[in-house]
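Heads up: the structure comes next, in C-alpha cells.
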Amino acid sequence: MPTSNNNNFIVELHINGEKMRVHCRTANTLLYVLRENLGMTGAKPGCENGDCGACTILYNGLPIKSCLMLAMEAEGAEITTIEGLHNTLIQEAFVEEWAFQCGYCTPGFIMNCHALTETHPDADDKIIIDWLQSNICRCTGYKEIEQAVKSVLIRKAGKA
C-alpha cells in the first residue's frame, strides 16, 4: 500500500528483479516514474495515450503501455523494462534480422515480442500479426520484426 508523504506517495516497485522505493504524485504514470524518477529511459514517450507502444514494459510477464498505468497501480507487480532484459533471443534476433531502423520504437517492440515468444511458443502468423498491431513503427515494413519473432520461435522449438 502506498504511504503518503506531503502530497507525494512512497511506492514500492519491483522492477527488473529489484525492489525500489519511489516518491511520486498520485497522478504520475509508470512511464514518468521509470524515466524521471529512476532514470530508466528505455520505455519511450510517444503518443502518451496507449496507441503507439513505444512505452511498452512487462507487467507480471505481459506487455502493457506504461503511459496508461499510474505508478501507484504497479505496486506489488513484477515490472520488467528493456533495461532488465539481457542477451535474450529476441534481442539477438532483432539484430540478426535488422528489425529496427531509427530505434525509437525498438525497446517497446522488443518487450512486446519477448512476451509473445514467452507466452505463445507455438504462435502462428495470425497471433504474431495480432500482437504486433499493438506497436507502431514508421521506419520499417514490419516484415523484419515478424521474421525476428519467427526466428526465436524456431530456435525455441529446436528447429534451428
Shape call, segment 20-160: gyration tensor on alpha carbons, a/c limit 1.5 | prolate
Rounded to whole Hz and in sequence order, give me ³J(HN,Hα) for segment 41-55 from the Karplus expression 6.51 cos²θ - 1.76 cosθ + 1.60, θ = phi - 60°, writing x for Gly and Pro.
-> 9, x, 6, 9, x, x, 7, 6, 9, x, 8, 8, x, 5, 9
Vicinal HN-Hα couplings computed from phi for segment 78-83 (Karplus, 6.51 cos²θ - 1.76 cosθ + 1.60; Hz; Gly/Pro x) = 8, 9, 10, 10, 4, 5
Taking a point 7 angstrom from the Cα of T26 along the C-beta vector, which residues in segment 64-78 have backbone N less than 18 Å away?
-> 69-75
Mind listing the phi-derived Karplus ³J(HN,Hα) values for segment 85-101, rounded to whole Hz, using 6.51, -1.76 and 1.60 with θ = phi - 60°, and x for any glycine or proline?
-> 8, 9, 6, 7, 4, 5, 5, 4, 5, 4, 6, 4, 9, 6, 8, 7, 10
If you average the sequence gap of Cα pairs under 8 Å that are 6 or more apart and divide by the length of the chain, what percent do you get for the contact order?
-> 22
Percent carbon-and-sulfur accessible area, the chain, ignoring ligands, DNA and RNA, probe 1.4 Å | 50
On a 0 to 90° scale, report how tilted helix 143-156 is relative to the longest principal axis of the chain, with both axes built from alpha carbons and the result rounded to the nearest 10.
-> 90
222 nm [θ] for the chain, helices only, -39500 (n - 2.57) per DSSP H run of 4+, per residue, to 500?
-> -8500 deg cm²/dmol
Which trypsin sites (Lys or Arg not before Pro) in segment 84-160 pass both tests, a DSSP loop state and at most 15 other beta-carbon atoms within 10 Å?
-> R138, K159
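The values are calculated or read from the model by the stated rules, or taken from the named source; none is laboratory data. All figures in this text were calculated on a predicted structure; none of them were measured in a lab. No Cβ is skipped: glycine too gets one built from the backbone with ideal geometry, and neighbour counts run over all protein chains shown. Only protein heavy atoms, including side chains, enter the accessible area calculation; ligands, DNA and RNA are left aside. Shrake-Rupley method; radii C 1.70, N 1.55, O 1.52, S 1.80 Å.
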